[in-house]
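Structure first, then comments.
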Amino acid sequence: MEHLSTKQISNTFTETFPGDLSMNNTRRQTPGVLYCSVLPTPVAQPVLISWSDEMAEVLELSKPSPEDILILGGNAINPMMKPYASCYAGHQFGNWAGQLGDGRAISLGFCSGKDGVDYELQLKGAGPTPYSRNADGRAVLRSSVREYIMSEAMHYLGVPTTRALSLVATSDPVLRDMFYNGHAEYEPGAIVLRVAPSFIRFGNFEILAERGNGLLSKQLCDWVIARYYPEIDIEHEDRVVHLFQAVAERTADTIVEWLRVGFVHGVMNTDNMSILGLTIDYGPYSFVDDYDLSFTPNTTDLPGRRYAFGNQASVAYWNLSRLANALAFLVPETDKLVAVLKNYQDVYERKYYVMMAKKLGIDELREEDRLLIDSFEEMLQTLKPDMTLFYQLLIDLPDAIGSSADVKNFFQETFYTEPDETILYASMLTYRARIETNSCSVETSKQMMRAANPRFIVRNYMLHEAIEKLEKGDDSLLKKLEEYMKDPYSKKGDEYFVKRPAWAEQKAGCSMLSCSS
Ligand code: AMP
Ligand code: MG
């Protein structure tokens with residue numbers, strides 16, 4: 001175990017690729033480079049709010065010393081660190097947005113974990129970079145708590161994600177117009193230290209394509225393959241296609257996992273799509289409470305609901321098509337990329353139905369089960385019960401399900417509005433009949449369901465309350481959520497095994513959020 005301030009740090013990315021080394025953080029276009037060297041801007045006083053012991057253990061880091069906390073707040077660096085901001089572009093809400101880049105994220109370098117993975121350490125909210133455009137490079141406490149908690153919560157849920165090591169308050173105020181209504185207010189600032197094998201996004205390739213920089217794009221592909229996709233033959237002439245295929249697979253895996261736990265990302269722009277298929281950039285995300293495929297937590301997304309719960313698979317497809325487009329100038333036969341894209345729907349559906357079978361405790365997915373799963377989902381979409389509660393109760397659906405009134409009573413606590421009893425009953429009869437044909441034992445089927453269905457999820461209203469308390473200096477709720485989120489499949493967090501309370505339904509920050517962060 002070692003302190004962050006003396007830990008061995010490597011700078012593989014900056015040493016491999018051309019960068020702008022001027023250390024100048026004035027906003028500008030940066031053609032021809034993959035990053036700009038830039039130092040974090042010091043803050044008034046970094047105060048540690050939270051530290052992930054589990055993440056620290058992976059990185060073999062000791063509890064942070066006062067010097068370490070200075071690094072976490074951007075007031076110092078370990079002498080081996082060569083901080084930088086990455087250059088990327090992106091499609092935002094379906095439109096080409098040009099150069100974006102790390103406007104408030106600053107990578108500190110790589111640190112090898114005891115699991116053999118080389119982890120990139122990145123501060124979010126550490127001050128302006130050349131990519132900050134018209135913004136301040138900072139992050140507010142509320143959005144930092146949200147990123148810190150949810151990235152770790154997703155890890156414990158078993159969903160591919162970036163992680164977080166620390167959350168510090170900066171003691172500096174940050175001006176934000178939370179509701180975009182012209183009433184900007186000062187809020188406490190904070191910085192999260194994020195951790196992932198890499199933060200490279202689809203957008204890192206998009207910018208190189210836009211700039212016609214084939215050589216760098218090929219080099220970046222090779223780097224990504226060598227480090228993160230060792231199963232791909234780096235000498236193969238089709239390696240870029242193979243990379244695209246692997247990214248499509250991982251993306252599909254992650255989307256399926258989002259649907260399993262009911263997660264809605266909220267801003268699936270191509271600059272927020274990880275080349276490793278990780279859940280990245282936690283903004284106005286939410287779990288679904290009442291099951292609704294058209295639910296989007298992002299107020300900016302309301303007009304088109306592009307990033308709604310049920311749209312995530314098709315948006316991922318669209319985003320992958322942007323990536324294919326960005327890689328096309330490296331691939332002589334572009335129909336190979338098109339073929340991978342065409343196959344995405346099948347790949348995704350296969351994964352989706354396998355996941356749904358587990359949620360439902362179906363032992364072996366049969367062809368006809370797809371229809372059952374579709375109609376089960378239709379029932380949920382019609383009755384809109386609380387997704388998490390409903391699947392939990394389903395595990396203990398009695399063998400003799402009784403009358404339609406009995407079934408309704410059984411699920412009563414999961415409904416936000418009075419359900420159509422007939423639809424529910426019909427669905428349960430079909431479901432029960434299928435479960436009875438399982439070749440595994442009832443207990444095995446239930447175990448499968450317990451492993452696939454989280455019992456505790458961190459809902460937006462809980463975060464909202466935890467943040468309100470924290471802003472008043474009370475971290476008790478934050479600590480409690482941190483404890484429960486580590487065990488999401490157990491009954492440990494059962495004090496929260498209830499529907500979203502009525503007061504949270506329309507309250508800002510409890511159901512929907514703006515992008516202001
Ligand atoms: P997001 O929608 O949060 O993924 O951010 C989109 C782009 O805006 C990225 O390039 C971010 O780095 C940048 N950005 C967001 N917030 C800020 C901020 N407060 N200061 C500077 N850049 C920001
Ligand atoms: Mg982003």
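The values are calculated or read from the model by the stated rules, or taken from the named source; none is laboratory data. Not measured: the values here are computed from a predicted model. No Cβ is skipped: glycine too gets one built from the backbone with ideal geometry, and neighbour counts run over all protein chains shown.
Here is the figure for the stretch 312-334: residues that are without any contact (Cβ under 8 Å) to a residue 12 or more places away in the chain and more than 26 Å from residue 216 (Cβ to Cβ) total 1. All conditions in (1) within 16 Å of ligand 1 (Cβ to nearest atom); (2) part of a helix (DSSP H, G or I) hold for residue 515, with the sole exception of (2). Taken together, the criteria exclude residue 78 from residues that are surrounded by 14 or more Cβ atoms within 10 Å (Cβ to Cβ) and under 26 Å from residue 275 (Cβ atoms).
For (1) surrounded by fewer than 19 Cβ atoms within 10 Å (Cβ to Cβ); (2) among the hydrophobic types (A, V, I, L, M, F, W, C); (3) farther than 25 Å from residue 353 by Cα; (4) touching a helix residue (DSSP H, G or I) at 6+ places or on another chain (Cβ under 6 Å), each residue gets a yes or a no:
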{"position": "370", "(1), (2), (3), (4)": "yes, no, no, yes"}
{"position": "381", "(1), (2), (3), (4)": "yes, no, no, no"}
{"position": "388", "(1), (2), (3), (4)": "no, no, no, no"}
{"position": "393", "(1), (2), (3), (4)": "yes, yes, no, yes"}
{"position": "398", "(1), (2), (3), (4)": "yes, no, no, no"}
{"position": "404", "(1), (2), (3), (4)": "yes, no, yes, yes"}
{"position": "418", "(1), (2), (3), (4)": "yes, no, yes, no"}
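Of the residues making up the stretch 282-305, those that are in a loop (DSSP other than H, G, I, E, B), buried (at least 19 other Cβ atoms within 10 Å of the Cβ) and out of contact with any Ser or Thr (no Cβ under 8 Å at 6 or more places or on another chain) number 4. Scanning the stretch 68-95 for residues that are among the aliphatic types (A, V, I, L, M) and not in a loop (DSSP other than H, G, I, E, B) turns up 69, 70, 71, 72, 85, 89.
Just to be sure before I move on: is residue 126 out of contact with any strand residue (DSSP E or B) (no Cβ under 9 Å at 6 or more places or on another chain) and within 13 Å of ligand 1 (Cβ to nearest atom) in the structure I sent? Taking the combined requirement at face value, the residue does not satisfy it. Pairs meeting the criteria (first residue in the stretch 258-272 and closer than 20 Å to residue 458 by Cβ and touching a residue at least 60 places away in the same chain (Cβ under 8 Å), second residue among the basic types (Lys, Arg) and not in a loop (DSSP other than H, G, I, E, B), beta carbons under 9 Å, at least 6 apart or on different chains) are 260/358; 260/359; 272/201.
Please determine whether any residue of the stretch 134-141 is at pLDDT 95 or above and more than 13 Å from ligand 1 (Cβ to nearest atom). So far as the stretch 134-141 goes, yes, one or more of its residues are at pLDDT 95 or above and more than 13 Å from ligand 1 (Cβ to nearest atom). Is it the case that the stretch 263-275 has a residue that's over 26 Å from residue 509 (Cα atoms) and within 16 Å of ligand 2 (Cβ to nearest atom)? Yes.
In the stretch 500-512, what residues are assigned to a loop (DSSP other than H, G, I, E, B) and surrounded by fewer than 18 Cβ atoms within 10 Å (Cβ to Cβ)?
Listed by number, the residues that qualify are 501, 505, 506, 507, 508.
Within the stretch 118-176, restricting attention to residues that are more than 25 Å from residue 473 (Cβ to Cβ) and of a type in the set (Phe, Trp, Tyr), which residue is surrounded by the fewest Cβ atoms within 10 Å (Cβ to Cβ)? The selected residue is 156. Based on what the data block shows, is residue 249 within 25 Å of residue 229 (Cβ to Cβ), over 13 Å from the mean Cα position of the chain (by Cα), surrounded by fewer than 21 Cβ atoms within 10 Å (Cβ to Cβ) and more than 16 Å from ligand 1 (Cβ to nearest atom)? So residue 249 passes the test. Can you name the condition, by its number, that residue 508 falls short on among (1) touching a helix residue (DSSP H, G or I) at 6+ places or on another chain (Cβ under 6 Å); (2) of a type in the set (A, V, I, L, M); (3) within 20 Å of residue 284 (Cα to Cα)? (1) is the only condition that residue 508 fails. Look at the stretch 149-174: where a residue is aromatic (Phe, Trp, Tyr) and a partner is assigned to a helix (DSSP H, G or I), sitting 6+ places away or on another chain with Cβ atoms under 7 Å, you get 156/485.
Which residue pairs have Cβ atoms closer than 6 Å, lie 6 or more positions apart in sequence or on different chains, and pair a first residue in the stretch 202-216 that is in contact (Cβ under 8 Å) with a residue 24 or more places away in the chain with a second residue that is outside any loop (DSSP other than H, G, I, E, B) and of a type in the set (D, E, K, R)? Correct list of pairs: 203/271. Scanning the stretch 463-494 for residues that are more than 20 Å from residue 262 (Cα to Cα) and in a helix (DSSP H, G or I) yields a count of 13.
The C-beta contact set for the stretch 347-365 (first residue over 25 Å from residue 320 (Cβ atoms), second residue at pLDDT below 95 and buried (at least 18 other Cβ atoms within 10 Å of the Cβ), distance under 7 angstrom, 6+ apart or interchain) is empty. If you check residue 388 against the conditions, is it polar (S, T, N, Q) and over 24 Å from the mean Cα position of the chain (by Cα)? No: the conditions fail for residue 388.
Yes or no, residue by residue, for (1) touching a residue at least 60 places away in the same chain (Cβ under 8 Å); (2) under 29 Å from residue 115 (Cα atoms); (3) under 28 Å from the mean Cα position of the chain (by Cα); (4) surrounded by fewer than 20 Cβ atoms within 10 Å (Cβ to Cβ):
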position: 10; (1), (2), (3), (4): yes, yes, yes, yes
position: 17; (1), (2), (3), (4): yes, yes, yes, yes
position: 22; (1), (2), (3), (4): no, no, no, yes
position: 33; (1), (2), (3), (4): no, no, yes, yes
position: 38; (1), (2), (3), (4): yes, no, yes, no
position: 45; (1), (2), (3), (4): yes, no, no, yes
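Each row is one residue, and each column tells you yes or no for (1) under 27 Å from residue 458 (Cβ atoms); (2) touching a Pro at 6+ places or on another chain (Cβ under 9 Å); (3) outside the structural domain of residue 287 (by TED's automatic domain parsing); (4) aliphatic (A, V, I, L, M).
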position	(1), (2), (3), (4)
344	no, no, no, no
374	no, no, yes, no
400	no, no, yes, yes
406	no, yes, yes, no
409	no, no, yes, no
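If only residues of the stretch 96-118 that are in contact with a Pro (Cβ under 6 Å, 6 or more places away or on another chain) and either outside any loop (DSSP other than H, G, I, E, B) or closer than 14 Å to residue 39 by Cβ (or both) are counted, the one that is farthest from ligand 1 (Cβ to nearest atom) is 108.
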